[in-house]
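Below is one structure; the comments refer to it alone.
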Amino acid sequence: MNVYLAEFIGTALMILLGNGVVANVVLKGTKGNSSGWIVITTAWALAVFVGVVVAGPHSGAHLNPVVTLGLTIAKGFDVALVPGYILAQIAGAMTGSFIVWLMYKDYFDATEDVGLKAAPFATAPAIRNYGSNLISEIVGTFVLIFVIFYFTEASMGTKDATTPIGLGSLGAIPVSFLVWVIGLSLGGTTGYAINPARDLGPRIVHALIPMKGKGGSDWAYAWVPILGPIIGSTLAALAFLAINFK
């Protein structure tokens, strides 16, 4: 599979399941209505697992522009691939979000609250304070990227001769747990975008779809889940390089 197609499909699946659980929890009349934050964070972690399982063998499963950015800074990821990865991630996020809207259209229509209609698309702060909202996204993304740098392939043997142990789909579990704990511990302030594509792509879809009574797409806030993760990823990459400088 082409690396860009893998990023597109993996991101689309992640957003379909991640934004899908938000729709299931917040929209009026669904089977999962009001089931809570634990359901949302758990399903988001599993959504990441699904995306990584599918895309991992082909593209490395970045599924997030700031993962691509961090790996470029700290690990020497090919700069020439970066634009294609980011475009594929945004397109995948838009596609997954659009499918969520199609599936839950009746429930979007039945929901009167404008904020709840917007929640399955893009993040929003619990308390709007752009400074602290930005810090939340920086910290959450720093943890995501910094810890990802320490995920390694399992191997056995001596220092001079090691044999990789293929973990298959189990290799996606660590990043899923990482996203889960970020959501549980740090996600209550802004909804933990920690991924510009995850927020921007669906926000664009929200702006474009003909949804009755949807309200605005809150573009005044949209820069926070873009700039915050970029800063957080850059700081994480620089910290990793400083700690491991030889």
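The values are calculated or read from the model by the stated rules, or taken from the named source; none is laboratory data. Just so we're clear, the structure is a prediction, and the values are computed from it rather than from any experiment. Here Cβ is always computed from backbone atoms with ideal geometry, including for glycine, and neighbour counts include all displayed protein chains.
For region 64-82, the condition holds for no residue, the condition being that it is closer than 18 Å to P202 by Cα and touching a Gly at 6+ places or on another chain (Cβ under 6 Å). Sub-8 Å Cβ pairs linking a first residue in region 32-52 that is farther than 10 Å from L184 by Cα to a second residue that is at pLDDT below 95 and not in a helix (DSSP H, G or I), at least 6 apart or interchain, are G51/A61; V52/A61, ordered by first then second residue. From the list V25, V48, the one residue that fits, being within 30 Å of L235 (Cα to Cα) and β-branched (V, I, T), is V48.
Looking across V67, V54, one residue alone is within 17 Å of the chain's Cα centre (by Cα) and closer than 30 Å to F245 by Cα. It is V67. Just to be sure before I move on: is N33 surrounded by fewer than 19 Cβ atoms within 10 Å (Cβ to Cβ) and touching a helix residue (DSSP H, G or I) at 6+ places or on another chain (Cβ under 8 Å) in the structure I sent? Yes; evaluated as a whole, the condition is true for this residue. For region 114-149, the set of residues classified as in a helix (DSSP H, G or I), aliphatic (A, V, I, L, M), touching a Ser or Thr at 6+ places or on another chain (Cβ under 8 Å) and more than 22 Å from I230 (Cβ to Cβ) consists of A118 only. Somewhere in region 56-79, is a residue among the aromatic types (F, W, Y) and crowded, with 22+ Cβ neighbours inside 10 Å? Within region 56-79, none of the residues are among the aromatic types (F, W, Y) and crowded, with 22+ Cβ neighbours inside 10 Å. Restricted to region 1-113, the set of helices (runs of 4 or more DSSP H) holding at least 3 residues that are under 18 Å from F151 (Cα atoms) comprises 37-59, 65-75. Evaluate region 150-171: report whether one residue or more is at negative phi, surrounded by fewer than 18 Cβ atoms within 10 Å (Cβ to Cβ), at pLDDT 95 or above and over 14 Å from the mean Cα position of the chain (by Cα). There is no residue in region 150-171 that is at negative phi, surrounded by fewer than 18 Cβ atoms within 10 Å (Cβ to Cβ), at pLDDT 95 or above and over 14 Å from the mean Cα position of the chain (by Cα).
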